[in-house]
1. What does the charge count around residue B:90 come to, taking other residues whose C-beta lies under 14 Å from its C-beta (Lys +1, Arg +1, Asp -1, Glu -1)?
2. Within chain B, which is the longest segment that contains none of the trypsin sites (Lys or Arg not before Pro) sitting in a DSSP loop with at most 10 other Cβ atoms within 10 Å?
3. What do you get for the angle between helix A:57-82 and the principal long axis of chain A? Use alpha-carbon atoms, 0 to 90 degrees, nearest ten.
4. Treating the angle as unsigned and between 0 and 90°, give the value, to the nearest 10°, between the Cα long axis of helix B:122-145 and the longest Cα principal axis of chain B.
5. Output, in nm with one decimal and in ascending order, the distances from the residue A:133 label point to the matching label points of the other copies (7 Å from Cα along Cα-to-Cβ).
6. Calculated from DSSP H runs of 4 or more alone, at -39500 (n - 2.57) each and per residue, what is the 222 nm mean residue ellipticity of chain A, nearest 500?
7. Please give the charge dipole size of region B:58-184, origin at the Cα centre, charges +1 on K and R Cβ atoms and -1 on D and E Cβ atoms. Round to the nearest 20 debye.
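Just so you know, all these numbers are worked out from the coordinates, no wet-lab data involved. Just so it is clear, the structure is predicted and the values come from calculations on it, not from any experiment. Cβ placement follows ideal geometry from the backbone for every residue including glycine, while neighbour counts extend to all protein chains displayed.
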Protein chains: 2
Amino acid sequence: MPVAKGSTIDPARTRAAILSAATDLLYERGLDGIGVAGLCAGIGISKETLYRHFGTKEGLVEAVLRERSDRVARWLAGRAQAAGDDPRAQLTAVFDALRHWYAAPGFRGCALLNAAAQHHADPVRAITARHLDRYLELLTGIAERAGADDPGLVGRQLLMLVEGATVVAAHHDSAAAADHALQAALTLLSTTTPRTPSVAPSPRPTPESPPFRVGTVKPRT
Amino acid sequence: MPVAKGSTIDPARTRAAILSAATDLLYERGLDGIGVAGLCAGIGISKETLYRHFGTKEGLVEAVLRERSDRVARWLAGRAQAAGDDPRAQLTAVFDALRHWYAAPGFRGCALLNAAAQHHADPVRAITARHLDRYLELLTGIAERAGADDPGLVGRQLLMLVEGATVVAAHHDSAAAADHALQAALTLLSTTTPRTPSVAPSPRPTPESPPFRVGTVKPRT
DNA sequence: AGCCGATCGAACCGACCGGTACTATCCAAG
DNA sequence: CTTGGATAGTACCGGTCGGTTCGATCGGCT
């Protein structure tokens, strides 16, 4: 069947569906753990469709990683913003979000870091580096608003706690990692924050859906 | 040439040489980034030799990872022990060692974690988990000797700092990561250590060679 | 009504994969 | 001196890889 009998021909929707399904499959099986054939079978498309949309397996991988990074970063930033203006509440919200992520079924660490560990190619590494940049920006902002002496330093230290917690959650102890990291993060923030921060009102938060599996593929019209 | 003209036939030495060369190659190229043929070419052996010693590519990989974990763990523990009895000095020694590791040419993160990100197979994951266990044991010991209220908790937090620093060093900032992490670690240790630890004499340290590339393959007799 | 583009399904391609078999050669031990 | 084990080198195996091509078929647009 060339075109599904009741389906709508909509390249944009097809592309999005491929991206979504491929994200899960590549995360579960590993970038090299599933071939293009298996990928297409799992997604439910033909090879030609995949290659028309993404040109190459590498192209698909990069698109997947970019979208994933965007989604995770927006999700975490949204959670922080939704927690209000208090930097400590924002930090708590970030690690709360991480805790749910760690507990999600099939959690296997950060998809971006895993990908960078598998493909040493420059594009993948660049996407991963930008991903860490986004984390760093969020955490440095929190350190700034908390009145840290050296927000850049504290931001990097918080980044290490986030990444370390993710590693430990993936390989050792998924349950308590986020809580222990949060406690350490709050301690770190306190000891480097001599003065009370000035709190200013912030705009309304927009809810973001979590980056981990939350439903199944939606049927097309 | 079936057997190198001036070489000694010594299976144990051959095995060790394969292990050493394969460790570097697999780390540089990734577990799936190099095939058995390329591996043998890079090591300078024939396929038959590799398969006689390790049975399978997976067998080789597991042997490489096990040996790597042993070496890194011994190296870090040795550095800590060589720093004397003061837990803070031991912690400093650990992150000093890490700093040198991060600065080594070709550093690309923890080989064990990278491997676990590539092969989801149980044996590899088990070796990685045990690796983290060893780190945790070392760090918890330091927390204990520092007189921490909850050495287990502090140990896990220090573990997150170590792993987080490694991730950040690999993908973001290899220069300052160890120092920033050390500062955070000392802060953490201080705030959770109300009482002064009792210092007892410890046995003499044995020097350990670093786990990263430090020379080239030694010629066989 | 009729065309165009999106899509499927399948065949096909050369390259490479992990792994085996065999021979020729060299060392070491009896 | 002979024999056996360790090794290099090479050819080979079936399978899978990423990627291309083609015909059939269906929806959307004019």
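1. Spelling it out: positives minus negatives among the neighbours equals -2.
2. That gives B:6-194 as the longest site-free run.
3. So the helix axis and the longest Cα principal axis differ by about 40 degrees.
4. Between the helix axis and the principal axis of chain B, the angle is about 30 degrees.
5. 4.1
6. Working: 9 runs with 146 residues, N = 221.
Result for chain A, helices only: -22000 deg cm²/dmol.
7. Taking the Cα centre of region B:58-184 as origin, the dipole is about 280 debye.
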